[in-house]
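Visitor: Supplied in structure tokens, the structure appears directly below.
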Amino acid sequence: MHRGPLIAPSLLSADFARLAEEAHRVAGADWLHFDVMDAHFVPNLTFGLPVMQALQEVTPVPLDCHLMIEEPERWAPGYAEAGARNVTVHAEACTGDPRAVARDLRAAGALAGLALKPETSLDHYLDVLQEFDTLLIMTVEPGFGGQDFIAEALPKVRRARELVDSGHLTLFIEVDGGINADTIEQAAEAGADVFVAGSAVYGADDPTRAIAALRAQAGAAMRG
């Protein structure tokens, strides 16, 4: 059964000089997507824990922290301890068993997420996902905002939805990358229930209206 649609605007598309105000501009969102990049796991550098802690004090929206970093086992629990609703690490970056990270995140009070790059197989992580709350399927290569949606990732979304609907997994299925009015219905029909949208929200004249429109589109596609 679907639990969404949840819309998670990405701060990667916001005005970095006005993050508190930008968080309030999307007060109608379900989650606020916070991309952490370390210039090692991905070729870009963005926010870190101090910025997240400051934002946590002022945002009306639960934070969805996506850690595109090396050694997530070392850093991820800090984001949970700081109050993030959901903290997602990349399967490809974990040096040990990802289930250990999931346990640490849950113990710290957050939902635990596992992210897969477009080329990463879902089947390799089916046992691991039993201990996660969120599966983030990347629909672009991680590292930069504004990329085009990779439709080839959708079979992975469909497979995950089948496993959730059959009771083999219990988790949110989140998609991130190129999600907008032209692509959100494809992702929703495939089975996603959490949608990260960057420029589709922050590039709109009215972010609140853009969120509502995306939520309605996704909801209609999910019911269809």
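Readers should treat all values here as calculations from the given coordinates under stated rules, not as data from a laboratory. It should be emphasised that the depicted structure is a prediction, and the values quoted were computed from it without experimental measurement. Every residue, glycine as well, gets a Cβ built from its backbone with ideal geometry; the counts of neighbours run over all protein chains shown.
Visitor: So how much slack lies between Leu49 and Ala17, counting 0.36 nm per residue of separation and subtracting their Cα-Cα distance, in nm?
Guide: Going from the current span to full extension adds 9.9 nm.
Visitor: Take Ser166, project a point 7 Å from its Cα along the Cβ direction, then tell me which residues of segment 1-28 have their backbone nitrogen under 17 Å from it.
Guide: What the label zone holds, given the 17 Å backbone N cut-off, is 1-2.
Visitor: Sticking with the crude label model, points 7 Å out along Cα→Cβ, report the distance from Arg103 to Arg3 in nm, one decimal please.
Guide: The two pseudo-label positions are separated by 2.2 nm.
Visitor: Looking at segment 46-78, which GluC sites (Glu not before Pro) are DSSP coil and have at most 13 other C-beta atoms within 10 Å of their C-beta? Intermediate values should be presented prior to the final figure.
Guide: Values: sites: Glu57, Glu70, Glu73; in loops: Glu57, Glu70.
For GluC sites (Glu not before Pro) across segment 46-78 that sit outside H, G, I, E and B with at most 13 neighbouring Cβ atoms in 10 Å, the list reads Glu57.
Visitor: Moving on to the next point. Starting from the Cα of Ala39, step 7 Å along the direction of its Cβ; do the same at Glu185; then give the gap between the two resulting points in nm.
Guide: So the two model labels end up 4.3 nm from each other.
Visitor: Give the percent of DSSP beta bridges with both residues in the chain that are antiparallel, rounded to the nearest 5.
Guide: If I count the DSSP bridges inside the chain, around 5 percent turn out antiparallel.
Visitor: Label points 7 Å out from Cα along the Cβ direction at Ala220 and Asp123: separation in nm?
Guide: Distance between label points: 3.7 nm.
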